[in-house]
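Undergrad: Questions regarding the structure given below will be posed in turn.
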Amino acid sequence: MSKYDKMVALNAERSREKMEKAKKTIWEMVDQEDKVTIPKLMKKTGLSRGFFYKNHTIRGELDRAMECQVGMVDPRRSIINHAMDQQIQRMQKTIAEQKQKIESLEKENARLKRAIDQRSVNFLKNL
């Protein structure tokens, strides 16, 4: 076997190992209900972005995995949504309290205006 043939065989073996690693990681993520994304796969496998986009076999696996996860909600997103809902409820409560305070101040203001008007009338009568 020539050096070239050994090099080709070695490259083919490395390529097969990379593909197996990528497939294994993709389906582990699906099983763990971890949303499959290229950046996450790059981080977990150490493989390049181009590998996932250019390798047709891996791209097909990615597409199948993503189809399996259609409608899956990222757990972090649900936590953030819950926190935002609580924040909205607190703000709505504050708004209701402020509206009530404004209403009571407007009533007090009207009462005080009437009192001032009454004093003015009494003052003019005494002249």
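Nothing in this text is a laboratory measurement; each read-out follows from the coordinates by a stated rule. Just so it is clear, the structure is predicted and the values come from calculations on it, not from any experiment. Neighbour counts run over all protein chains shown; Cβ positions are idealised from the backbone, glycine included.
Undergrad: Go through segment 1-39 and give me each residue that's farther than 20 Å from GLU67 by Cα, hydrophobic (A, V, I, L, M, F, W, C) and outside any helix (DSSP H, G or I).
TA: Scanning segment 1-39 gives a single hit, MET1.
Undergrad: Right, something else. Would you pick out the residues in segment 40-66 that are in contact with a helix residue (DSSP H, G or I) (Cβ under 8 Å, 6 or more places away or on another chain), not in a helix (DSSP H, G or I) and not aliphatic (A, V, I, L, M)?
TA: SER48, ASN55 - these are the residues of segment 40-66 that are in contact with a helix residue (DSSP H, G or I) (Cβ under 8 Å, 6 or more places away or on another chain), not in a helix (DSSP H, G or I) and not aliphatic (A, V, I, L, M).
Undergrad: Can you tell me which residues in segment 67-81 are part of a helix (DSSP H, G or I) and surrounded by fewer than 10 Cβ atoms within 10 Å (Cβ to Cβ)? Give the derivation first.
TA: First, the residues of segment 67-81 that are part of a helix (DSSP H, G or I): 67-68, 75-81.
The answer is GLU67, ARG76.
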